[in-house]
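Below: the structure, in structure tokens.
Since every read-out is calculated from the coordinates, none of them should be taken as a lab result. Only a predicted model underlies this, so the values are computations on that prediction, with no experimental measurement involved. A quick note on method: Cβ atoms are made from the backbone with ideal geometry, for glycine too, and the neighbour counts reach across all protein chains shown.
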Amino acid sequence: MTAQPDDPLEIAVDGGTVRGILLGGGRDGMVAWRGIPFAAPPVGELRFRAPRPVVPWTGVRDAREFGPVAMQSRDGNFIGVARSTPMSEDCLTVNVLRNAGTGTAGLRPVMVFIHGGAYSVGSSAEHPQNGEAFVREGDVVYVSFNYRLGALGYLDFTRYSTAERPIESNLGLRDQVAALRWVRENIEAFGGDPGNVTVFGESAGGNAVTTLMATPSAHGLFDRAIAQSSPANAIYPPDVTAVWAEEFVELLSESIDTDGVDSTSDDVAGALLAGADAEALVSAAVTLTLRTPDAHPGTIALSPVIDGELLPERPLDAFKEGRAARVPLIIGTNDREGSLFTGRLDILATTPKRIRAIFARTKKGARKAITAEYPGIPAKRPAADFGGDYAFWYPTVKVAERHSRFAPVHFYRFDIAPRLVRLAGFDATHGLDLYAVFDRMDGWFGRTMTSLGGRRDFLRTSRRMRAHWLAFAHDGRVDASLWPAYDEATRETLIIDVADRVESDPRASRRRAWQSFVPHI
């Protein structure tokens, strides 16, 4: 192991030495190291290539500020980063946060968070205080990181790969594996236990967690997992992703003056991708993302691909056959995942046309059974619930039941929502759980959504939820008297609400209706 400097804020890591920053003081003091490279900058010839080893530096690297965020839209289908936030293809950095004091004896448990954002937007710096409540309340080492997004991370351009200009698949997923490998190799220097790592994420980050569990090269890099609102089945075979690649290249060529050159040929398309400005790649990805829900209903274009190499099979198949990492798992969804996805956010199967396309893939009996579970469909509310269940809830049920045959699983449903959020028709919608998990209620949005009441209840529920997450991160277990394990016989589920409760197989009739649904499940 590399000898550590005498200054406690200076840490020797792969590549050199970094110096962090002390946050606060006294009992709540923490120390943070930010913007540490975990791979070489994926720029120039390394665009569309798997992450390479860190480029060493000399002297002590300043690690007080977050690194640039991955290239993304600032105002596309999702609200991206603030106008003043630095953005770059050179984005592969990791952040570490822990208590400043000595804390408990020995090494601390490690919690690694993977941010969401539909693999389109987001970053580890989006909410700078994320992780502080976990560190303060549970004395863990909290880690977050950036990974490539959009066309640079989640479109499969391997059909345009040549010997002179190679292109690799699943770049964002490869970045995540590289970040976890960095944690395993470096976290002990920060006081973290490399043999006690919990990886967790929400939305696309939840998809990353369930996908990493099915990624052989990630096995052994984490010891337990938490998947919040994972669209676990948003993984596609190469024949599907090749269509999206072709559509993307057409969009890109339309936005760039190609002087009449036929950009549809594989060699020319590869050169176009390699030479395009990153901003042009982002813009074309936004357009493709907005088109896909209608052109290919029920799919999400920016997603991992079953490439037969890094990701050899659908994660749901890996869970079914016991080939996923056999680590303890917490997994669940929010009560009404789909209610958030309206307007430019509406990428789910929520419109009559999209719903018909989904139903066209299965048998009449299954259609009738599922339709009965959403009275009034395709009206707005039942359509939103159908779309949310199709994308998030039912695949999550399948992961839980299949993984429970091989490893401990704890299943939850997040139901609590402040009064204003319910009056607005969202209820416990997609992403609301992050305000509980990360104790974000002192921000302007947190205070606004509790302006009509419910703040105390939400804060109490938040503390209980974090206590479960922290207990799990420490030793892979939760209090079984409060939250029994999930199995296919009882399907006991923790309902996280004003007063938590355990229900056996909640929404059983809906689950049974979806059991007869054929495509991809």
Magnitude of the charge dipole, the chain, Cβ model with Lys/Arg +1 and Asp/Glu -1, debye to 20: 2080
For residue 23, distant residues with modelled amide H under 5 Å away: 30, 31, 32
Taking the dipole about the Cα centre of the chain, with the C-beta of Lys and Arg at +1 and of Asp and Glu at -1, give me whichever of 474, 351, 41 is farthest to the positive side. 351
If you take the square roots of the eigenvalues of the alpha-carbon gyration tensor of segment 336-439 and sort them as a ≥ b ≥ c, do you get rounded (a/c under 1.5), prolate (a/b over b/c) or oblate? oblate
Cα lying deepest toward the dipole's positive end in the chain, options 310, 215, 69, charges on Cβ: 215
Do you know the relative contact order of the chain, to the nearest whole percent, from alpha carbon pairs under 8 angstrom that are 6+ apart? 13
Which one of 24, 154, 180 is farthest out on the positive end of the charge dipole of the chain, using unit charges on Cβ (Lys, Arg +1; Asp, Glu -1) and the Cα centre as origin? 24
Taking 341, 134 and counting other C-beta atoms within 10 Å, the order from fewest to most: 341, 134
Skipping prolines and chain starts, which residues have an amide H placed within reach, meaning under 5 Å, of the one on residue 67, given they are 5 or more residues away or on another chain? 35
Roughly how many debye, to the nearest 20, is the charge dipole of segment 91-209 about its Cα centre, given +1 on each Lys and Arg Cβ, -1 on each Asp and Glu Cβ, and no other charges? 180
Karplus-derived 3J(HN,Hα) from phi for segment 341-350 (6.51 cos²θ - 1.76 cosθ + 1.60, θ = phi - 60°), whole Hz, x at Gly and Pro, runs 8, 10, x, 6, 7, 6, 10, 9, 7, 10
Using only the alpha carbons, work out the radius of gyration and Dmax of the chain in angstrom. 22.4, 70
Relative contact order of segment 197-299, pairs being alpha-carbon contacts under 8 Å that are 6 or more residues apart, as %: 22
Rounded to whole Hz and in sequence order, give me ³J(HN,Hα) for segment 422-430 from the Karplus expression 6.51 cos²θ - 1.76 cosθ + 1.60, θ = phi - 60°, writing x for Gly and Pro. 5, 4, 6, x, 8, 6, 7, 9, 4
MRE, 222 nm, helices only [DSSP H, n ≥ 4, -39500 (n - 2.57), over the chain, to nearest 500]: -10000 deg cm²/dmol
For segment 1-327, percent of DSSP beta bridges that are antiparallel (nearest 5) comes out at 45
Hey, with R₀ at 41 Å, roughly what FRET efficiency would residue 3 and residue 295 work out to, going by the Cβ-Cβ distance, to 0.05? 0.15
Mind listing the long-range amide H neighbours of residue 332? Cut-off is under 5 Å, sequence gap 5 or more, other chains count too, H placed in the peptide plane at 1.01 Å from N. 227, 229, 230, 412
Any chance you could check the Cα centroid distance between segment 422-498 and segment 363-381 for me, in angstrom? 29
Packing-wise, with mean Cβ within 10 Å as the measure, how do 277-287, 411-421 rank, highest first? 411-421, 277-287
